[in-house]
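For reference, the structure discussed in these notes is given below.
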Amino acid sequence: MSNTNQESEVVFKNVGKMATFKKTQTVILKDCSFTVEAGKLNVLIGPSGCGKTTVINLIAGYERPDLGRVLINGRPISGPSWERLVVFQETALFPWLTCYDNVMFGPLARGVMSKESAHQETVKLLTKVGLEDFRDKYPSQLSGGMQRRAELARALINQPEVMLMDEPFRGLDAMTRKLMQEYYLKLFEETGATHVFVTSELEEAIILADNLLVMTNKPSKIKKVIEVALPRPRDWSMASSKRYLDIKAEALELLHEEAVKASVASGKLDVDLASGYKKPE
């Protein structure tokens, strides 16, 4: 698949966002400012419930900020668009369509490709993600990892300017998750679009990211952006490198600080972060 993606920059400017649950309002984001660097794999990580999915929804245009602005290439994001596509935690494949037809659906529905061009791109992508022999299977006939790969292909065929990944590998077993990370890295490195990836797993965050965006507890903002200066193409052998270990130690320290703050705020001594972060010894 050729790289025809426009590299798009997303900027949050003093964004505030509230949520209402059972008539109680909670501030999710407050004075949140950061830049999603164009053409990079930007990974969001932070305490459970800090608003990572809210950030994804604001970029996707599913929600709007209560305060501040969210811009793409200097333009306010006003609603959903094919230029910004989300791969969610739960599968969103159409159960009545085959794997092949699911991938074909987007460009044909939009009228941006001929049937022959869409067919060629679909076959290329299914081959890249190892699903060429499963093209005629329905989602219910695919494993969880295969469904994830089909969703990646379905999103990428639309050549979005920004790919939004909301914990897409959550719930997969360890071996399948590593396989998905490898497929995803290869696809990112080939297409070069702007990516925003949400995860609760620090090791996954580091091996994927160009930029690691560490979030605070609610009301949330970006605590620090860590540049992950590991060479590409990436593989898990880098997890033993000094740079990887230094980044991991720095990120763990930042996350531990947020855990302590949450502990003080809640009056609890034991704070359970979904990813199980602990201060390095």
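The values are calculated or read from the model by the stated rules, or taken from the named source; none is laboratory data. Since we're looking at a predicted model, the values are computed, not measured. Cβ sites come from the backbone with ideal geometry, for glycine too, and all protein chains shown count toward neighbours.
Restricting to region 55-84, name every residue that is closer than 16 Å to Ser220 by Cα and in contact with an Asp or Glu (Cβ under 7 Å, 6 or more places away or on another chain).
Ile56, Asn57
When only residues in region 125-180 that are of a type in the set (A, V, I, L, M) and within 21 Å of Tyr62 (Cβ to Cβ) count, which is surrounded by the fewest Cβ atoms within 10 Å (Cβ to Cβ)?
Result: Ala155.
Give just the number: which of (1) touching a Ser or Thr at 6+ places or on another chain (Cβ under 8 Å); (2) under 21 Å from Tyr184 (Cβ atoms) does Ile247 not satisfy?
(1)
Please name all residue pairs, on different chains or six or more residues apart, with Cβ atoms under 7 Å, provided the first residue is in region 160-171 and is part of a loop (DSSP other than H, G, I, E, B) and the second residue is at pLDDT below 95 and acidic (Asp, Glu).
Listed by first residue and then by second, the contacts come to Pro160/Glu83; Glu161/Glu83.
Answer yes if at least one residue in region 198-216 is without any contact (Cβ under 8 Å) to a residue 60 or more places away in the chain and surrounded by fewer than 18 Cβ atoms within 10 Å (Cβ to Cβ), and no otherwise.
Yes, region 198-216 contains a residue that is without any contact (Cβ under 8 Å) to a residue 60 or more places away in the chain and surrounded by fewer than 18 Cβ atoms within 10 Å (Cβ to Cβ).
Within region 34-92, can you find the residues that are charged (D, E, K, R) and under 17 Å from Asn158 (Cβ atoms)?
If the condition is that a residue be charged (D, E, K, R) and under 17 Å from Asn158 (Cβ atoms), then Glu83, Arg84 are the ones that fit.
If a residue has to be surrounded by 14 or more Cβ atoms within 10 Å (Cβ to Cβ) and either in contact with a Gly (Cβ under 8 Å, 6 or more places away or on another chain) or not in a loop (DSSP other than H, G, I, E, B) (or both) to count, how many in region 92-120 make the cut?
Residues that pass the stated criteria total 12.
Looking only at residues that are charged (D, E, K, R) and part of a loop (DSSP other than H, G, I, E, B) in region 203-227, which one is farthest from Lys248 (Cα to Cα)? Give the steps one after another, and end with the answer.
Taking region 203-227 first, the residues charged (D, E, K, R) are 203-204, 210, 218, 221, 223-224, 227.
Still in the list and also part of a loop (DSSP other than H, G, I, E, B): 210, 218, 221.
Numbers: Asp210: 14, Lys218: 23, Lys221: 20 Å.
Only one residue fits best here, namely Lys218.
What number of residues within region 75-87 are out of contact with any Leu (no Cβ under 8 Å at 6 or more places or on another chain) and either in a strand (DSSP E or B) or crowded, with 16+ Cβ neighbours inside 10 Å (or both)? So that I can check it myself, show each step before the final result.
Within region 75-87, the subset out of contact with any Leu (no Cβ under 8 Å at 6 or more places or on another chain) is 75-76, 78-83.
Next cut, either in a strand (DSSP E or B) or crowded, with 16+ Cβ neighbours inside 10 Å (or both) only: 75-76, 81, 83.
Number of matching residues: 4.
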